[in-house]
């Protein structure tokens, strides 16, 4: 293929839906909050560092490096993405993806260990050879690979409790007992639903769980009563109204935030397409002047593809409307970004308020149900 042999190392604007994720990606989890922040930055400032891809035999592309950037661009509703074309094979792709993650995105210890193990399989090499190629001491690599002996529950427990790699290895070596995985997660910081202990006991939970659940419920009910006092909610109907209002406000802000994000994405896409169109239009004019020469097409295939993609994107976004001036687009994007930032802060606050109010009402409803329901409550008032 011409692009693959002669154009490696160049940057192209590729259709984002033609890029497939790397099968050698070591990272298993991506923070939604970090991706959202990166997507917002890309909308406002563009993608500062292109991703790296390799050409596939079917005409598509496979990601080599830049999984977080690719996901964030998709989240930002971009239709094209700047990408560097390379000729890497499987071994180079796997190694580069792992090394990029180690250097940039802080894999958790188990993802890091699994990535190193995958690379060793691809390289078909010993630990000593892999350690040398990865630039680390062989004992360090051996210690990291040893972490994979923990089962899935134990790994999650290590991550949730911020235990060190040394602690995890001590468990494997038998120097410390394996962590006991509770049936339920420990009480969260915010108010949560109380547990129907009798229902859980009927499902086979034992005495240890019952003791834990009673303490858990006491803590949640103490927090529930504190909430009612702080908000002066001594009446059930007032609590129901507050909960309903919190839910309505959250959904209203969510809808407004979605509309603003969509408008911001359209504006950013239009700006990117306009710049790409202006950059590649001279190449297309040259193609016309050359009477659509096959030789010219072969020499400028990537630029002409970018030109057609940019023109199609502009037509799709504008839908027949007149193209605004770039200054107007910049102003609009700046205003939309500021609006989104303000809305997002309100949205997060409304989300927390809604979750808290819904949990409070559910806890009160549970108590009322346990003592005879709403009718008993009405008689007591």
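The values are calculated or read from the model by the stated rules, or taken from the named source; none is laboratory data. What you see is a predicted model; the values in this text were computed from it and never measured. Neighbour counts run over all protein chains shown; Cβ positions are idealised from the backbone, glycine included.
Couple of notes before you dig in:
- Hits in segment 38-59 - residues which are closer than 15 Å to residue 88 by Cα and part of a loop (DSSP other than H, G, I, E, B): 56, 57
- With respect to the stated conditions, residue 280 is closer than 30 Å to residue 39 by Cα and in the same structural domain as residue 326 (by TED's automatic domain parsing).
- Check on residue 243, crowded, with 16+ Cβ neighbours inside 10 Å, closer than 27 Å to residue 75 by Cβ and modelled with pLDDT of 80 or more: no
- Residues within segment 64-85 that are more than 18 Å from residue 276 (Cβ to Cβ), outside any helix (DSSP H, G or I) and touching a helix residue (DSSP H, G or I) at 6+ places or on another chain (Cβ under 6 Å), tallied: 2
- Boolean, residue 25 is in contact with a helix residue (DSSP H, G or I) (Cβ under 9 Å, 6 or more places away or on another chain) and modelled with pLDDT under 80: yes
- Filter result for residue 79 (surrounded by 14 or more Cβ atoms within 10 Å (Cβ to Cβ) and at pLDDT 80 or above): yes
Rundown of residues vs (1) surrounded by 15 or more Cβ atoms within 10 Å (Cβ to Cβ); (2) at pLDDT below 90; (3) in contact with a strand residue (DSSP E or B) (Cβ under 8 Å, 6 or more places away or on another chain); (4) under 30 Å from residue 282 (Cβ atoms), yes/no style:
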position: 332; (1), (2), (3), (4): yes, no, no, yes
position: 351; (1), (2), (3), (4): yes, yes, no, no
position: 368; (1), (2), (3), (4): yes, yes, no, no
position: 374; (1), (2), (3), (4): no, yes, no, no
position: 380; (1), (2), (3), (4): no, yes, no, no
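- Scanning segment 139-153 for residues that are at pLDDT 75 or above and assigned to a helix (DSSP H, G or I) gives 139, 140, 141, 142, 143, 144, 145, 146, 147, 148, 149.
- Here residue 280 meets the list (1) crowded, with 20+ Cβ neighbours inside 10 Å; (2) touching a residue at least 40 places away in the same chain (Cβ under 8 Å) almost entirely, failing just condition (2).
- Filter result for residue 263 (surrounded by 14 or more Cβ atoms within 10 Å (Cβ to Cβ), under 25 Å from the mean Cα position of the chain (by Cα) and touching a residue at least 60 places away in the same chain (Cβ under 8 Å)): yes
- Residues in segment 1-22 that are exposed (fewer than 15 other Cβ atoms within 10 Å of the Cβ), modelled with pLDDT under 80 and under 30 Å from residue 112 (Cβ atoms): 8, 9.
- Verdict on residue 47 being under 17 Å from residue 64 (Cβ atoms) and modelled with pLDDT of 80 or more: yes
A quick yes/no check of all residues on (1) more than 30 Å from the chain's Cα centre (by Cα); (2) assigned to a helix (DSSP H, G or I); (3) exposed (fewer than 13 other Cβ atoms within 10 Å of the Cβ):
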{"site": "302", "(1), (2), (3)": "yes, yes, no"}
{"site": "309", "(1), (2), (3)": "no, yes, no"}
{"site": "312", "(1), (2), (3)": "no, yes, no"}
{"site": "316", "(1), (2), (3)": "no, yes, no"}
{"site": "320", "(1), (2), (3)": "yes, no, yes"}
{"site": "324", "(1), (2), (3)": "yes, no, no"}
{"site": "329", "(1), (2), (3)": "no, yes, no"}
{"site": "339", "(1), (2), (3)": "no, yes, no"}
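- Qualifying residue in segment 228-238 (condition: within 36 Å of the chain's Cα centre (by Cα), more than 30 Å from residue 59 (Cβ to Cβ), part of a helix (DSSP H, G or I) and modelled with pLDDT under 90): yes
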